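Have a look at the structure below before the remarks.
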Number of protein chains: 2
Amino acid sequence: MPRAATTSDAFNAVAEPRRRDILNYLALQERPVGDIVDALGLEQPSVSKHLRVLRDVGLVHVRRHGRQMLYRTNAEAIRPVHEWTAKFERFWRHQLTRIKERAEAKMAEASMQEGKIKPD
Amino acid sequence: MPRAATTSDAFNAVAEPRRRDILNYLALQERPVGDIVDALGLEQPSVSKHLRVLRDVGLVHVRRHGRQMLYRTNAEAIRPVHEWTAKFERFWRHQLTRIKERAEAKMAEASMQEGKIKPD
DNA sequence: TTGACATATTCCTATATGGGAATGTAATGT
DNA sequence: ACATTACATTCCCATATAGGAATATGTCAA
């Protein structure tokens, strides 16, 4: 069995860095394809293809305006990814506290030794 | 050019559902491979291969204990994914408020019409 | 209608994949 | 030493890419 299709869900769709770039760019306001091409410096067909994938998983919405197609990010579709990762948040916070604790312990230890040379 | 390797970063590695299952399972405590096999009902070689990918991107850490290999999730490696998605959080919050507003407007409108039949 | 502009699709190809099956390797018990 | 347990790796294969090039579709303007 090959890898799951990029269009199978948001996880697979956002695995591609350029698609994340596009979503970042379209987050603030809707934009025509040409703007994406200019802003990200990609080939137009490449952008159209990425947009197709993003559309298929609902990560962007489209609207026609004359000859242009105005795309915008649908943040709601990113939510499942956010929520899955959020379940791990407390673990890296614990890790951070431990690191901070060790750093503080080291500081205390250093301030005990009066003649110590400070590392630059 | 084909798709980026699953081992190229956390985004690609967690695109595979089974790998997310494994990370969920290993989040609370370290476990030997056999436990993962039993818990998720996958073939042992399959689990070993997924673990290999997860190791390559630093999403799990390993430790040997006799003949077993004890794996545990390294939450820190999930952080980049969390942080990328977090940038969109305010957008779906706004969207939610808008949905709520519309729902409330609809409720108000409904309560104006006294004889209205309620949908079940 | 014809041409220009904006975007989408198709065809091509090298490549990485996940599963299945089989085999390899390392540590333990006797 | 040998069998057993616990994992890891290898080989095979059908399949879905992403990019490049070329072409198709759709919309407006004159």
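Inter-chain neighbour count for A:77-90: the average number of beta-carbon atoms from partner chains within 10 Å of each residue's beta-carbon is 6. Label point of A:Glu89 (7 Å along Cα→beta-carbon): distances to the other copies' equivalent points are 0.4 nm, sorted ascending.
Across region A:5-82, Cα pairs under 8 Å and at least six residues apart give a relative contact order of 36 percent. Among the listed pairs A:Lys49/B:Lys49; A:Lys49/B:Lys87; A:Lys87/B:Lys49, a Cα-Cα separation exceeding 28 Å is found for A:Lys49/B:Lys49.
With a simple spin-label model that places each label point 7 Å from the Cα along the Cα-to-Cβ direction, the separation between A:Ala4 and A:Lys87 comes to 1.3 nm.
The rotation axis that maps chain A onto chain B passes nearest to the beta carbon of this chain A residue, listed with its distance in whole angstrom: A:Ala15, 2. Label-to-label distance, A:Gln44 versus B:Gln68, with points set 7 angstrom from Cα along the beta-carbon direction: 6.0 nm. The mean number of partner chain beta-carbon atoms within 10 angstrom of a residue's beta-carbon across peptide A:47-56 is 0. Across peptide A:24-33, the mean count of Cβ atoms from other chains lying within 10 Å of each residue's own Cβ comes to 1.
The numbers here are math on the coordinates, done by the rules we state, and not lab data. Predicted, not measured: the structure shown is a model, and the values here were computed from it. Positions of Cβ are generated from backbone atoms using ideal geometry, with glycine treated the same way; all protein chains shown enter the neighbour counts.
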